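Worksheet: one structure, shown below.
The values are calculated or read from the model by the stated rules, or taken from the named source; none is laboratory data. Predicted model only: the values in this text are computed from it and were never measured. Cβ atoms come from the backbone with ideal geometry, glycine included; neighbour counts cover every protein chain shown. Ligands, DNA and RNA are stripped out before the accessible areas are found, and what is left, the full protein with its side chains, is counted by its heavy atoms. Shrake-Rupley method; radii C 1.70, N 1.55, O 1.52, S 1.80 Å.
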Amino acid sequence: MASRLRPLAPALRIVPRATARLCIQRPAIEARRSLSLKSFFTSRKKEDQFTSQFEPVLEQANLFHPLSKSPLAPVRAKAEWITAHGTCPTCKEQEPEAKSKPPTYECPDCGYPTHCCEEHYKMGKEEHKHVCGTLREVNEDEHDLRSGRRMREFEFPGAQHRDEAVNLSNWDTFLYTRGFLSMNSERSMRHVSHVLTYPLTIASVLHQSSPYQLGKDLTVEGLKSLAALRHTLHPAMIPGITQSQDLRSTATHTVRIFCLGARAESHLPPHIYMQLAYLFPTTAFQLHFIGPDAIPPHTKSKEPHQHIHYEQMTFVYDNSRYETYHAEAGPFNPYYDVFFLFSPGLAHPSTKDMWKPTIPKLLDTKCAIFGTGFDEQDVMNDVAEIESSGYELDWLMKPRENVFRSLKHEVNMTDVRQSAQCNWGIWGIRGRRYDVNPSDQN
Ligand SMILES: [Zn+2]
Ligand SMILES: [Zn+2]
């Protein structure tokens, strides 16, 4: 038990990332804790209370503001942060060795502080054009999230009927076939995809209506692993069970999803993950969030191990080092257990060594392991790291763009020319099985 009291477990000490990675991650978490999303992070009753108490502070026609002149204090604070930590790219280009000046000039089209002065802005405008549209979109989205309007797109549907067919081909078909309301603008889609990317990335891999197909995305080994999990996830109907609450006690098996190095994904409130559970109406789930940043939403508790029960799901948050957790959570079974590593940074200099004792343990279980990355380079770095490590493994899913990535761009606050998308890409592996000669397994 003593090990659980060590809050920063070396094996999964994901916090000290290089600046770029950290700065891309941070706004996402803060945005989720922001005012207008408060409703969405508390219960539905509170949401109604909240929306009826407050008048919108910003009209839809008034969402664009230069960051430093925004009517919203958090946006102004962001401008200050970028000015304090960013650099002018034109200065850098002219004198790479010299200390470049801070970006104090805000582009009139996107409102972001981009250059040190108007002159340098004009000189760098051609390059800036490539990102200006995205920054403008992020600017307006951010003001919309905090506008105080009733955000109907976050009024999610409840359980589905058992004969209801869900189409997981893409965000559009999923949202439409599950009956999400008010999903009539790209902005709404970006807001919703940003919070649902975690549960839907998991669901879209595991579900029998997965968009990932044999040959195109999945290997034969991938299909075998997913077939084992789907055997548990889509059982024959159990007569007499109608309430999902019953499942925790009556389901024959519980599927365990382990999220290692969990950060933002652990801060999402349980009802968001119900959108995963609703796609598997006869399955009970345990979601294990493991890592120093695995903290339940709405808690001030510093307990290193916490549980939440919510309908058919049990949420476990644990700060112990993964080796300890692994020993306690075992044995593992490929029919019931699966691992997800969201943007793990396997190749990142600050986290690479911390994953080294963990990956062989995961491979030993012969359970499926899926990972994501926030852009193509991040994914390919992780993939190259896996391939060069000499592990005995099979690829289950070739690295590819994640159908259920967040559609929202997150700007790197130290260099606004860069942005990323949460869970942009996805891949899958598993410890190699030697089916032909079973004695090899020993
Ligand atoms: Zn400059
Ligand atoms: Zn611009």
Starting from the stretch 352-365, take each residue that is under 19 Å from Pro292 (Cα atoms) and list its partners that are modelled with pLDDT of 95 or more and among the acidic types (Asp, Glu), counting only C-beta distances under 9 angstrom and pairs at least six apart or across chains. Lys352/Glu385; Trp355/Glu385
Of all residues being part of a helix (DSSP H, G or I) and of a type in the set (Lys, Arg) in the stretch 178-213, which is surrounded by the fewest Cβ atoms within 10 Å (Cβ to Cβ)? Just the residue, please. Arg187
Sole miss for Ser100 among (1) among the polar types (S, T, N, Q); (2) within 16 Å of ligand 1 (Cβ to nearest atom); (3) within 29 Å of Ser406 (Cα to Cα) is condition (3)
Is it the case, given these coordinates, that Ile426 is in contact with a Ser or Thr (Cβ under 6 Å, 6 or more places away or on another chain), in a strand (DSSP E or B) and open to solvent by less than 10 Å² (accessible area, probe 1.4 Å)? yes
When residues of the stretch 38-63 are filtered for being open to solvent by less than 50 Å² (accessible area, probe 1.4 Å) and either of a type in the set (A, V, I, L, M, F, W, C) or at pLDDT 70 or above (or both), how many remain? 5
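Could we say that Leu260 is hydrophobic (A, V, I, L, M, F, W, C), within 26 Å of the chain's Cα centre (by Cα) and at pLDDT 95 or above here?
yes
Count, please, the residues in the stretch 63-97 that happen to be in a loop (DSSP other than H, G, I, E, B), more than 15 Å from Asn412 (Cα to Cα) and near ligand 1 (Cβ under 10 Å from one of its atoms).
Residues that pass the stated criteria total 1.
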Subset tally (residues that are in a helix (DSSP H, G or I) and of a type in the set (Asp, Glu)) for the stretch 363-409: 6
Pairs please, first residue from the stretch 84-100 and at pLDDT below 85, second anywhere and charged (D, E, K, R), Cβ atoms under 6 Å, 6+ apart in sequence or on different chains. Ser100/Lys92
Go through the stretch 99-132 and give me each residue that's more than 8 Å from ligand 2 (Cβ to nearest atom), open to solvent by less than 20 Å² (accessible area, probe 1.4 Å) and out of contact with any helix residue (DSSP H, G or I) (no Cβ under 7 Å at 6 or more places or on another chain). Tyr121
Pairs, first closer than 11 Å to His65 by Cα and open to solvent by 10 Å² or more (accessible area, probe 1.4 Å) in the stretch 133-145, second acidic (Asp, Glu) and in a helix (DSSP H, G or I), C-beta under 7 Å, six or more apart: none
Among the residues of the stretch 313-327 satisfying the criterion of being assigned to a helix (DSSP H, G or I) and at pLDDT 90 or above, which is nearest to Asp293 (Cα to Cα)? Tyr325
Single condition Gln94 does not satisfy, out of (1) open to solvent by less than 20 Å² (accessible area, probe 1.4 Å); (2) away from ligand 2 (no atom under 15 Å from the Cβ); (3) polar (S, T, N, Q): (1)
Could you please let me know if Arg417 is in a loop (DSSP other than H, G, I, E, B) and outside the structural domain of Ser100 (by TED's automatic domain parsing)? yes
Leu346: assigned to a loop (DSSP other than H, G, I, E, B), in contact (Cβ under 8 Å) with a residue 24 or more places away in the chain and aliphatic (A, V, I, L, M), yes or no? yes
Would a scan of the stretch 380-394 turn up a residue that is surrounded by fewer than 17 Cβ atoms within 10 Å (Cβ to Cβ) and charged (D, E, K, R)? yes
Across (1) among the acidic types (Asp, Glu); (2) crowded, with 22+ Cβ neighbours inside 10 Å; (3) out of contact with any strand residue (DSSP E or B) (no Cβ under 7 Å at 6 or more places or on another chain), Asp337 clears everything bar (3)
